[in-house]
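Asker: Input: one structure, supplied below.
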There are 4 protein chains.
Amino acid sequence: MTTKIDLSFAFEAEDPTDVLLQFEAAAIPEQTLGNVTCNLGDAEHIARVSAQDDIGERIWVRTQGRFDVEYSAEVELNRILTELGDLERLDTHDLPGETVKYLFDSRYCQGDKLQGFVSDKFGDREGGAKIVAMHEWVRDTFKYTPGVSDANTTGVDSFLERRGICRDYAHVMIMLARASAIPARFVSCYAPGVEPPDFHAVAEVFLQDPTTEGGGAWYLVDATDMASANDIVKIGVGRDAADVSFMTSFGMTEFKEKTVTVTDDAAKQG
Amino acid sequence: MTTKIDLSFAFEAEDPTDVLLQFEAAAIPEQTLGNVTCNLGDAEHIARVSAQDDIGERIWVRTQGRFDVEYSAEVELNRILTELGDLERLDTHDLPGETVKYLFDSRYCQGDKLQGFVSDKFGDREGGAKIVAMHEWVRDTFKYTPGVSDANTTGVDSFLERRGICRDYAHVMIMLARASAIPARFVSCYAPGVEPPDFHAVAEVFLQDPTTEGGGAWYLVDATDMASANDIVKIGVGRDAADVSFMTSFGMTEFKEKTVTVTDDAAKQG
Amino acid sequence: MTTKIDLSFAFEAEDPTDVLLQFEAAAIPEQTLGNVTCNLGDAEHIARVSAQDDIGERIWVRTQGRFDVEYSAEVELNRILTELGDLERLDTHDLPGETVKYLFDSRYCQGDKLQGFVSDKFGDREGGAKIVAMHEWVRDTFKYTPGVSDANTTGVDSFLERRGICRDYAHVMIMLARASAIPARFVSCYAPGVEPPDFHAVAEVFLQDPTTEGGGAWYLVDATDMASANDIVKIGVGRDAADVSFMTSFGMTEFKEKTVTVTDDAAKQG
Amino acid sequence: MTTKIDLSFAFEAEDPTDVLLQFEAAAIPEQTLGNVTCNLGDAEHIARVSAQDDIGERIWVRTQGRFDVEYSAEVELNRILTELGDLERLDTHDLPGETVKYLFDSRYCQGDKLQGFVSDKFGDREGGAKIVAMHEWVRDTFKYTPGVSDANTTGVDSFLERRGICRDYAHVMIMLARASAIPARFVSCYAPGVEPPDFHAVAEVFLQDPTTEGGGAWYLVDATDMASANDIVKIGVGRDAADVSFMTSFGMTEFKEKTVTVTDDAAKQG
């Protein structure tokens, strides 16, 4: 399946300002990119650096005045899809070193706070079946509600509030997973079914990979159910939303506008 | 200079339990290790994995009953020492990809909360001179006070409280640095002057490296002034204390005892 | 039924220090006091002031050195007991002025955070039946566990943790009630069944009083189930634990010891 | 001096909803009211109840559809004005019972968090001189900035942020006072110099009353400097902003519009 992404946004900085951008579909084995165009406005300085876990890139920009970004790409997804509920957990002591940080608490995701709840509610399941049960609980309990959360809203706030947007759903899924010692990270992404069209965010959990002996792999979980593993185009990953903002400004900027369009084959031919 | 480390500790787990340990002096270029002995108790499973930023290792243990750790090592430090106050800052847009995560907020270190304070107080300085001024401010303002902080104490709490232990001093230094867009991380370490003898924690900030063209390097800052860059033996690094606990238990364990002895040449011959 | 209370405690202040004490059974209509003895140590200054909602008194003490408190009393309880589940709610707009503050958020009890949860879980019930359902939910979900909470633990923390002591149970009950616009306050008290013997804390909610036309009354709820409305001797009330500490020191004091003994008729003759 | 107040606002409730209003100039000795008109829309139920500390009244409304409030009044202020800096503190142990709750932490004002700061910064002053120094520190350090705070912003947040609106300034003043054991409360009010015209909020502290033997009185402090004790018309008081919202809705309402006009003699004749 091919997913077509069109993005444009702009901001304005009165003074010369450093801005960090991360909006491109990541060039990773499971995502084959084609027809990529990325037009960045004029800037004093532009540099690409690798992003977290080497998934995707960030772009440093130093600019003044209006800065426009136009990006489009076609992405062929060749992700191996799996029935999450069938996957076993990896024993904690078998977790590879690079996944360990995703067990620990982060700015927005304090998994330790939910250990009592997770043990009561999901204590009788393990691995993928536990993640599926958590996903279902979030689906049944939460109401997708724009406007109730902001950049200060933590996963604990969202867990209590039972409302929020994709970012908040992802935070809650991540906390639930970490609370039972399953590594979980935050994925910023594109997906065709997002309504209203915008960037999207989902969780990713680390479970056994049935195709390797004793190994593990990351599996996508979209607790909002707006996207699924076979139509999510990853931009980047991090511990939570603090790590993968599409734009971080180190100084005053005024955000101007943003248009995100994501379509897949079916939609295009439909 | 050679630093001699002796560590022993023990814990007990009634049921088979996964425990993550990180206590060894890291094998990194600036630290030459000799006479290392590491005796671990009997365990069902022991595995080493690389630690954060590939500095040092973590040890996964699955064990039941009493588990003893005996570790000793001699470490020759060949760290290049620099007058921090002379170092320039790296332009934010020149920061390498792997340092970016140390600009962002973490569990215990929300740098964004201190931006107003940092801009008022330290806005007239840059780079190393700013870090030195922050260090001096912490030194003058804080009182080293065991018993007022615990595992729930955040950097914001410590900033307000103006008291705490090495972990809290490091959190405050990290927040101050991040609040002015200087990458800062948490370093767990050994140092001879720590009183009472125990593990130690300091901050590390990323500034220009005068020996390379346009490059940067990490520089140690111990706001408690108990140690200095030429006698700190690094164990591991992370975003804050959440990442580099010497022992993280995934299940119930009872901690038994701990002895840390760190001496340097002078002390040994004194 | 007569309840016999014996209390002794002591503290020491190096410098002259102001201390606020609140430990006496409140002289209120539902509690008839007899054989009261209250011996306070020597102090530069002792003054009694009325406590919150005019329930009980606080004692201001200015003292230096060791200060001993010996208190005993016999309390006849003539509280009207009611089946909570039968009580109707008072319409919010009929709440008397003095109960309104107990609808609002306080230091430890942010009821607003639980509105989503309360509406999902208890939305189909009203008044006393709702309080009974909340009490049962806490009873079924929480585990009485000393040592997991401290003076920083909020009701939100306890709600997530699902463990704690009487203070934490009371905070959670108060938040649940406030989240559905039922006034709720914190009651510090004595009760014979408390194990280990100590001061106790329960919640109190404001519901319809079936004996008056359109009026309301406060009803005790002990979510720990260690005490019941017919054996609780009230000391004082407040918005949460911040308001009714038995001892608040305005300066450094060292707490020495405390013995609380509470027995009722049955126990004495048993 | 006479202050003229004109207020109008409206809200709409789809379903029958309970709403609590508190917007009238309080009828208290220091404020003589004249030419009061208060037109409330049609409602199923309207009831007045006394407000906190018996200062002013709250109005319970049960209504559906659009509800309009039109209020105007002329207020003669006969408040005794004092040079705050000359006032002595009341010894903590001499504080009357009804002021004690204003020493304790509340939802938005955790004075205990600032004890270290207050002791370092203002430890060499007492009473009114200390309050004046705190006021000056806030004036010099903070920048009045609409849009950076919201209903979740605590006094600790504002203290760190060093920006905010009147509500935030009041919270910080209250915390600073409580941190040195001076009772402090939140006052919602009208004042002529508020820009843009709106409700206003200030702090009030309890210090010695030089006109009575050993007694105390409440004194207004507006850290924003937009108003002063001789032109503030009190509406109500509470522990912090949680207690004195001009409108609290127990159900969904849509706020429509609000106009606040406050003029004093000088302005009217100017």
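Asker: For segment B:118-160, what are the residues that are closer than 17 Å to B:His171 by Cβ and among the charged types (D, E, K, R)?
Answerer: The answer is B:Arg139, B:Lys143, B:Asp150, B:Asp157.
Asker: Which pairs turn up if I take residues in segment A:156-169 that are more than 8 Å from chain C (Cβ to nearest Cβ) and surrounded by 22 or more Cβ atoms within 10 Å (Cβ to Cβ) and look for partners that are of a type in the set (S, T, N, Q) and in a helix (DSSP H, G or I) with beta carbon separation below 9 Å, at least 6 apart in sequence or on another chain?
Answerer: Close Cβ pairs (under 9 Å, with a partner that is of a type in the set (S, T, N, Q) and in a helix (DSSP H, G or I)) amount to A:Gly164/A:Ser158; A:Arg167/A:Ser158; A:Asp168/A:Ser158; A:Tyr169/A:Ser158.
Asker: Could you list, in sequence order, the residues of segment B:230-254 that are at pLDDT below 95 and out of contact with any Ser or Thr (no Cβ under 8 Å at 6 or more places or on another chain)?
Answerer: B:Asn230
Asker: Whether any residue in segment D:146-153 is crowded, with 22+ Cβ neighbours inside 10 Å and modelled with pLDDT of 95 or more is what I want to check.
Answerer: Restricting attention to segment D:146-153, the residues satisfying the condition of being crowded, with 22+ Cβ neighbours inside 10 Å are none.
No, segment D:146-153 contains no residue that is crowded, with 22+ Cβ neighbours inside 10 Å and modelled with pLDDT of 95 or more.
Asker: Just a yes or no: is a residue in segment C:7-18 closer than 30 Å to D:Asp54 by Cβ, within 9 Å of another protein chain (Cβ to nearest Cβ) and within 18 Å of the chain's Cα centre (by Cα)?
Answerer: No, because not a single residue in segment C:7-18 is closer than 30 Å to D:Asp54 by Cβ, within 9 Å of another protein chain (Cβ to nearest Cβ) and within 18 Å of the chain's Cα centre (by Cα).
Asker: When D:Met175 is evaluated against the numbered criteria (1) touching a Cys at 6+ places or on another chain (Cβ under 8 Å); (2) aliphatic (A, V, I, L, M); (3) within 23 Å of D:Asp265 (Cα to Cα), which criterion, by number, is the only one it fails?
Answerer: Unmet for D:Met175, out of (1) touching a Cys at 6+ places or on another chain (Cβ under 8 Å); (2) aliphatic (A, V, I, L, M); (3) within 23 Å of D:Asp265 (Cα to Cα): (3).
Asker: Then there's this: Give me a count of the residues in segment D:110-121 that are within 22 Å of D:Ala217 (Cβ to Cβ) and surrounded by fewer than 19 Cβ atoms within 10 Å (Cβ to Cβ).
Answerer: The total comes to 0.
Asker: Take the residues in segment B:238-264 that are at the interface with chain A (Cβ under 9 Å from one of its Cβ atoms) and in a strand (DSSP E or B), then tell me which one is farthest from the chain's Cα centre (by Cα).
Answerer: For segment B:238-264, the residue satisfying everything is B:Phe250.
Asker: Which condition number does B:Arg89 fail, the rest of (1) surrounded by 20 or more Cβ atoms within 10 Å (Cβ to Cβ); (2) within 11 Å of another protein chain (Cβ to nearest Cβ); (3) not aromatic (Phe, Trp, Tyr) being met?
Answerer: It is condition (2) that B:Arg89 fails.
Asker: OK, next. Cβ contacts < 7 Å: first residue under 15 Å from A:Tyr102 (Cβ atoms), restricted to segment A:221-240; second residue among the hydroxyl-bearing types (Ser, Thr, Tyr) and crowded, with 22+ Cβ neighbours inside 10 Å, any location; separation 6+ or different chain. Result?
Answerer: Once the first residue is under 15 Å from A:Tyr102 (Cβ atoms) and sits in segment A:221-240, its partners that are among the hydroxyl-bearing types (Ser, Thr, Tyr) and crowded, with 22+ Cβ neighbours inside 10 Å give A:Gly236/A:Ser188; A:Arg239/A:Tyr102; A:Arg239/A:Ser106; A:Asp240/A:Ser106; A:Asp240/A:Tyr108.
Asker: Take the residues in segment A:193-214 that are out of contact with any Leu (no Cβ under 8 Å at 6 or more places or on another chain) and buried (at least 24 other Cβ atoms within 10 Å of the Cβ); name whichever of them is nearest to A:Gln115 (Cα to Cα).
Answerer: A:Val205
Asker: Same structure, new question: Go through segment A:120-200 and tell me which helices (runs of 4 or more DSSP H), entirely inside it, have 2 or more residues that are under 16 Å from A:Ala227 (Cβ atoms).
Answerer: A:127-141, A:166-179
Asker: Given (1) surrounded by 19 or more Cβ atoms within 10 Å (Cβ to Cβ); (2) in a helix (DSSP H, G or I); (3) not hydroxyl-bearing (Ser, Thr, Tyr), where does B:Arg107 come up short, assuming only one miss?
Answerer: Answer for B:Arg107: the failing condition is (2).
Asker: Follow-up. What are the pairs with Cβ atoms under 6 angstrom where one residue, in segment C:84-101, is in the same structural domain as C:Phe186 (by TED's automatic domain parsing) and the other, located anywhere, is basic (Lys, Arg)? Sequence gap at least six, or different chains.
Answerer: C:His93/D:Arg62
Asker: When residues of segment A:54-70 are filtered for being among the acidic types (Asp, Glu) and either surrounded by 21 or more Cβ atoms within 10 Å (Cβ to Cβ) or closer than 20 Å to B:Leu95 by Cβ (or both), how many remain?
Answerer: We begin by selecting, within segment A:54-70, every residue among the acidic types (Asp, Glu); these are A:54, A:57, A:68, A:70.
Next cut, either surrounded by 21 or more Cβ atoms within 10 Å (Cβ to Cβ) or closer than 20 Å to B:Leu95 by Cβ (or both) only: A:54, A:57.
Summing the residues that are among the acidic types (Asp, Glu) and either surrounded by 21 or more Cβ atoms within 10 Å (Cβ to Cβ) or closer than 20 Å to B:Leu95 by Cβ (or both) in segment A:54-70 gives 2.
Asker: Restricting segment A:99-118 to residues that are among the polar types (S, T, N, Q) and modelled with pLDDT under 95, which is farthest from B:Glu57 (Cα to Cα)?
Answerer: Among those that are among the polar types (S, T, N, Q) and modelled with pLDDT under 95, it is A:Gln115.
Asker: Here is a further query. So, in segment A:95-126, exactly how many residues are of a type in the set (A, V, I, L, M, F, W, C), under 21 Å from A:Leu160 (Cβ atoms) and within 9 Å of chain B (Cβ to nearest Cβ)?
Answerer: Within segment A:95-126, the first condition is being of a type in the set (A, V, I, L, M, F, W, C), and the residues that meet it are A:95, A:100, A:103-104, A:109, A:114, A:117-118, A:122.
Narrowing further to those that are under 21 Å from A:Leu160 (Cβ atoms): A:109, A:114, A:117-118, A:122.
Now restrict to residues that are within 9 Å of chain B (Cβ to nearest Cβ): A:109.
Qualifying residue count for the region: 1.
Asker: Conditions first: (1) within 19 Å of B:Ile59 (Cα to Cα); (2) in contact (Cβ under 8 Å) with a residue 60 or more places away in the chain; (3) crowded, with 16+ Cβ neighbours inside 10 Å. B:Phe255 passes all but one, so which condition is the exception?
Answerer: (3)
Asker: Just a yes or no: is a residue in segment A:221-237 within 14 Å of the chain's Cα centre (by Cα), within 27 Å of A:Ser50 (Cα to Cα) and within 14 Å of another protein chain (Cβ to nearest Cβ)?
Answerer: Yes; the residues of segment A:221-237 include at least one that is within 14 Å of the chain's Cα centre (by Cα), within 27 Å of A:Ser50 (Cα to Cα) and within 14 Å of another protein chain (Cβ to nearest Cβ).
Asker: Report, by residue number, each residue of segment D:1-34 that is of a type in the set (Gly, Ala, Ser) and touching a His at 6+ places or on another chain (Cβ under 8 Å).
Answerer: None; the set is empty.
Asker: Scan segment A:39-56 and give yes if some residue there is within 14 Å of chain B (Cβ to nearest Cβ), touching a Ser or Thr at 6+ places or on another chain (Cβ under 6 Å) and closer than 16 Å to A:Arg185 by Cα, otherwise no.
Answerer: No, segment A:39-56 has no match at all.
Asker: While we're looking at this one, here's another question. Could you please find all residues in segment B:211-270 being farther than 25 Å from B:Val138 by Cα and of a type in the set (A, V, I, L, M)?
Answerer: Keep residues of segment B:211-270 that are farther than 25 Å from B:Val138 by Cα, which gives B:211-215, B:246-270.
Hits for segment B:211-270 are B:Met247, B:Met252, B:Val260, B:Val262, B:Ala266, B:Ala267.
Asker: Testing B:Thr261 on (1) touching a Pro at 6+ places or on another chain (Cβ under 7 Å); (2) modelled with pLDDT under 95, one condition comes back false. Which one is that?
Answerer: Failed condition: (2).
Asker: Conditions first: (1) without any contact (Cβ under 8 Å) to a residue 24 or more places away in the chain; (2) under 14 Å from the mean Cα position of the chain (by Cα). B:Ser188 passes all but one, so which condition is the exception?
Answerer: The number of the failed condition is (1).
The values are calculated or read from the model by the stated rules, or taken from the named source; none is laboratory data. On a predicted model such as this, the values are computed, not experimentally measured, just so you know. Don't worry about glycine lacking a Cβ; one is built from the backbone with ideal geometry, like all the others, and counts go over all protein chains shown.
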